[in-house]
1. Label 7 Å along Cα→Cβ of R219; the stretch 272-290 residues with amide nitrogen under 17 Å?
2. Using only protein heavy atoms and a 1.4 Å probe, report how much of C32 is accessible, in Å² to the nearest 10.
3. Only four residue types carry charge here, +1 at the Cβ of Lys and Arg and -1 at the Cβ of Asp and Glu. Report the dipole size of the stretch 143-213 about the Cα centre in Debye, rounded to the nearest 20.
4. Which one of Q176, F245, V201 is farthest out on the positive end of the charge dipole of the stretch 171-249, using unit charges on Cβ (Lys, Arg +1; Asp, Glu -1) and the Cα centre as origin?
5. Any idea how far apart W378 and H399 come out in nm if each label point goes 7 Å out from Cα toward Cβ?
6. Compute, for E424, the solvent-accessible surface of its heavy atoms (probe 1.4 Å) with the complete set of protein chains present, and express it in square angstrom to the nearest 10.
7. Taking the full set of protein chains and a 1.4 angstrom probe, give the accessible area of D396 in square angstrom, rounded to the nearest 10.
8. How big is the charge dipole of the stretch 197-326 about its Cα centre, in debye rounded to the nearest 20, if each Lys and Arg gets +1 on its Cβ and each Asp and Glu gets -1 on its Cβ?
Amino acid sequence: RETLSMKPSPGPSAAPDTPSSVRCLLDLPPECLALVLASLAVRDVLAAAATCPALKVAADDPILWRNLLWQVWIATAARGAEKADFAARLLRYQQASSMRAGVGPDSTGAAVEAELPERPSEARPLPLSQWLRSYDAPDAALAGVWRQRLMWSGSTDQCHGDTVGCACVHGSPTPQPFGSGRVVYYEVRVLSQGEHGFIAVGWSPEGFPSKNKQPGWVRHTYGYHGDDGHVYSSFGYGRRFGAPFGTGRTVGTGLVLPPPGAPPDRCHGAIFFTVDGELCGAPFPSVPAPTLLRPAVGVHSVGEQVELHFGDGAASVIAASPPRRPSPFAFDLAEYCAREGGAVRAPAAAAAGRARDREAAQSSHPRLQASLEQMLPWVLHEVLQLAFLQEPPEGDDYHELQRFARSHHPLSLHPSWGVPTLDELQPEQLQQLCKQLLTRFAQRHALEDYDGAAPSDEESDDEEDGQ
């Protein structure tokens, strides 16, 4: 208010052509004053408007809120609804920042309040289940902002089987308010990878943590696993995606929701992942029933500790001077949402290159391959393509077929193969073995009406060993 009411000092320094009718900024027309207010903190503008009639008129001007809406949220609104839309997005940002993960509806954290809830000066671990502990710790860089930390509470001889410490957000998660407001996003910072780095970041329905399994091991769950860099969905065998991640890495994941009112055949979402602020890709471009998914994190070995981050809260937005886009994450989510999630359809460059190469190569048995693809889980489609290539696989593709064969066939072979072990097979022989395994697997699951059961203990062990 003091700045706005300053009058030009008399004397030689004053401009001779200054209009006598404009003695201070408060004499400007409301629409002009609104443009000036757009450079001040929202909190200060609202406080000044409560004590000055001229500022109150300017603070209610649609021009001010139209500018703020674009500056902060990269969004537009119908004329006259700009201020209400800004407030609604601010509330959604606070709600998103206040989310907490737990194993049941009673462990979801504090309710949304106008100010951040008070926390004890020394946070004590809260046991969520037999395998998981959680506590809130302050962020040293941001006063009043707290992060939720999760750690595994088992022992070395318990890190196999259904002993995963898993937590998910309960209730419908709040999309971030940037752009079209259709992206739910959060990040996980790995404070310690522990003994094995069995950390999974992903999505699951409510109630999934009680199964004590990793996201991605059962149907309608999706996960990016740190020990091998593979992505999992509905099955205990992972698909190649990115690099493994461990201590010091920040892994983010976003769920792109369908537009409001989308027809049933287009009500699919998409899931993408980021590492240290870089977009890795969207391994799940068509996710059914995305509104039923919740952020989910799993830890499964001694010493593993992660920190969940859902945002910085509304206080950081209204205190920024000049107002600017919130940037609480390592990934530039605001810029991503400004592009309406277009990049969600673009997988990682390396994966895209492999896919183009396989599409260019002609299948040895296209009809059989197409039939098996309809019966096999999504995670096995890449293996299927490699097994049916006319050109023998080399390098990473050959090792991928080896990994699949090892997880579904004993290392020793029947004498008819001409070699004693699986590792000694020629590429053409390895392709033939994988075809047999895939055909047998497809037939079995077609008869059993595959229900996305969790992997067997043997498959779980293989997955965690990074095979």
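1. Residues 287-290 fall inside that zone.
2. 60 Å²
3. Numbers: 6 positive and 5 negative charges, 53 e Å.
In total the dipole reaches around 260 debye.
4. It is Q176, whose Cα lies furthest towards the positive end.
5. So the label points at W378 and H399 sit 2.6 nm apart.
6. 90 Å²
7. 110 Å²
8. On the way: 10 positive and 9 negative charges, 59 e Å.
Here the size comes out at about 280 debye.
The values are calculated or read from the model by the stated rules, or taken from the named source; none is laboratory data. As the structure is a computational prediction, the values presented were derived from the model and not from experiment. Cβ: placed from backbone, ideal geometry, glycine included. Neighbour counts: every protein chain shown. Remember, those area values only see protein heavy atoms, side chains included, never the ligands or the DNA or RNA. Shrake-Rupley method; radii C 1.70, N 1.55, O 1.52, S 1.80 Å.
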